[in-house]
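**Q** I'd like to ask some things about the structure below.
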Amino acid sequence: MNLKFILFAGALAAASQVNAQTPAWIHDTISTDAGYLKNVYYSLENGQAAKVAADNWHVGLSVGRFSASIIVNTADKAVKLFEISSNTADFGTNLTSALNAAITANPMPLYNSNITWEHGAFNSGTSTGSFGYGWGNYDMATHWIFGSRVFGLITATDTFQIYIQEKQTTPVATAPTYIFKIADIDGSNAKTKTEVVGGGVSANANFHYYNIDTDAFLNREPARTAWDFVFTNYNDENVIFGNQQYKVFGVVNNEGLDVAKVDTADAEFDNIAANYNSYTYDTANNSIGRAWKSSGPSGVVMTDSLCYFVKTQTGDIWQMVFTAHNSGTASTDPGLVALKKRKVYANTTSVKTINSSVATFGIYPNPASGNVNVVVDAKEKVGKAHIMITDITGKLVYRNEIAVNNGLNAYSVSTSNLVNGNYIVTLTNGNWKATEKLVVQH
């Protein structure tokens, strides 16, 4: 998702021992208000980064130039998305029967992934070809994505048809730029929307948002580097009721966050801090999720003896414990969450943005099921560099030497020998290094 990648001047590795003096716990609270009607973006370093309405958007467009992700607000806006036609010329006609047929054939709506922001509802449907994204296909010549599907989108009050016509990427100066069409399901009230995302108000965020009811675009998310996770409602893909994913309240991680969940007695929290480097870290967006609490006859109950070690985008590691939570229907302080945290490792490695000779680095498509493109936009000739792919254990599974020339460079890498899961793709010439997460889903 991130296209302005954090680079590390040296190898980034967590220290094997905790700071000489274990820091004191910092206690903090946030509130998502009654009914969980607010999203709270949170930074372990700085506390609350933003508090915004949870139900003021329907569709989220990825700001990343090399991302195909388009998400929908299933949890707080009751959006249901269905794939209704593979013929884009059908847009603008009466597609009521097509929507009904699609729901009969596949009654489960399309949902955003619980694993990565890169897998939104729009790109979780049927894909065709080696570079299919569900809603469209990647064009090797232009590096743009062109729409190939018409969708039915149902809200709590209306039903629409929507067609993402194209996502313009490089070399458009203000890329990405989206063009999409939306109409009532019977084809009436059709409109074409063109939205320049690159360089706009949401340029440093993960997504740019659209409200169908007000026909307005929203900048509602803080900069991607300003938060670690968001307290929000989301749909749990592991709990299905009546062809719908169950709506829950919990924590969804930002990309680039690693989380280790540790069960232990309260008295041992200080002792286990020294072993944080030996825990297994999970990169899934729901690795914190909702397991820190449960509901019972007497209300919300905190999960006993549970803490999290969270490695942030900067390389710092925090220990975090949830201490209290009030449900969204509580009579006092509804939606409140209390936690305690402490930084157990401060990364002192020098951090800088993308190397002066390389403007952007991305992976396309992501998630990948066949070949994946590693795309490098270089300001000058870099010369020899290496592409490396490692699995979550750090094992090297792919390595290749490449030549990086001035301008746009694209290198095709096969994922056919990789099992489904999360990987790290690294581009380096020895003096600098850029990394990005890759999801393989055959």
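The values are calculated or read from the model by the stated rules, or taken from the named source; none is laboratory data. What you are looking at is a predicted structure, and each value in this text was computed from that prediction instead of being measured. So basically every Cβ, Gly included, is an ideal-geometry build from the backbone, and we count neighbours across all protein chains shown. Ligands, DNA and RNA are stripped out before the accessible areas are found, and what is left, the full protein with its side chains, is counted by its heavy atoms. Shrake-Rupley method; radii C 1.70, N 1.55, O 1.52, S 1.80 Å.
**Q** Could you please give the count of residues in segment 196-220 that are part of a loop (DSSP other than H, G, I, E, B), in contact (Cβ under 8 Å) with a residue 24 or more places away in the chain and either among the basic types (K, R) or under 23 Å from L153 (Cα atoms) (or both)?
**A** 6
**Q** Further, regarding this structure: Kindly provide the set of residues from segment 296-320 that are of a type in the set (V, I, T) and within 17 Å of N271 (Cβ to Cβ), ordered by number.
**A** Hit for segment 296-320 is I317, nothing else.
**Q** Based on what the data block shows, is A141 surrounded by 22 or more Cβ atoms within 10 Å (Cβ to Cβ), of a type in the set (G, A, S) and assigned to a loop (DSSP other than H, G, I, E, B)?
**A** no
**Q** Right, next: What number of residues within segment 88-116 are among the hydroxyl-bearing types (S, T, Y), open to solvent by less than 50 Å² (accessible area, probe 1.4 Å) and out of contact with any Phe, Trp or Tyr (no Cβ under 8 Å at 6 or more places or on another chain)?
**A** 3
**Q** Could I ask something else about it? For segment 389-412, give me the residue count where each residue is open to solvent by less than 40 Å² (accessible area, probe 1.4 Å) and closer than 20 Å to E255 by Cβ.
**A** Selection size over segment 389-412: 3.
**Q** Please identify the pairs in which a residue from segment 166-192 that is under 18 Å from I70 (Cα atoms) and in contact (Cβ under 8 Å) with a residue 24 or more places away in the chain has its Cβ atom under 6 Å from the Cβ atom of a residue that is aromatic (F, W, Y) and not in a loop (DSSP other than H, G, I, E, B), counting only partners at least 6 apart or on another chain.
**A** E166/F146; K167/Y178; K181/Y163; I182/F160
**Q** Select from segment 144-172 the residues that are β-branched (V, I, T) and surrounded by 22 or more Cβ atoms within 10 Å (Cβ to Cβ) and write down the one among them that is modelled with the lowest pLDDT.
**A** My answer is T169.
**Q** Does segment 251-269 contain any residue that is within 14 Å of F309 (Cα to Cα) and touching a Lys or Arg at 6+ places or on another chain (Cβ under 6 Å)?
**A** Scanning segment 251-269 turns up at least one residue that is within 14 Å of F309 (Cα to Cα) and touching a Lys or Arg at 6+ places or on another chain (Cβ under 6 Å).
**Q** Also: Can you tell me which residues in segment 173-192 are open to solvent by 40 Å² or more (accessible area, probe 1.4 Å) and out of contact with any Gly (no Cβ under 7 Å at 6 or more places or on another chain)?
**A** Matches in segment 173-192: A173, K181, D184, D186, S188, N189, K191, T192.
**Q** Restricting attention to segment 84-112, which residues are within 21 Å of K191 (Cβ to Cβ) and touching a residue at least 60 places away in the same chain (Cβ under 8 Å)?
**A** Passing the criteria: I84, S85, N87, T88, D90, F91, G92, T93, N94, L95, T96, L99.
**Q** Moving on to the next point. Please enumerate the residues belonging to segment 54-87 that are among the polar types (S, T, N, Q), open to solvent by less than 20 Å² (accessible area, probe 1.4 Å) and either assigned to a loop (DSSP other than H, G, I, E, B) or more than 30 Å from F361 (Cα to Cα) (or both).
**A** S67, S69, N73, S85
**Q** What residue, of E118, E83, is touching a helix residue (DSSP H, G or I) at 6+ places or on another chain (Cβ under 8 Å), of a type in the set (D, E) and over 28 Å from G328 (Cα atoms)?
**A** One residue alone meets the criteria, E83.
**Q** Could you run through segment 221-245 and say how many residues are in contact with a Pro (Cβ under 8 Å, 6 or more places away or on another chain) and either part of a loop (DSSP other than H, G, I, E, B) or within 18 Å of G35 (Cα to Cα) (or both)?
**A** Of the residues in that region, 1 qualify.
**Q** Still on this structure, I have one more. Wholly within segment 144-192, which strands (runs of 3 or more DSSP E) include no fewer than the required count, namely at least 1 residues that are under 15 Å from A98 (Cβ atoms)?
**A** Hits in segment 144-192: 150-154, 159-168, 177-184.
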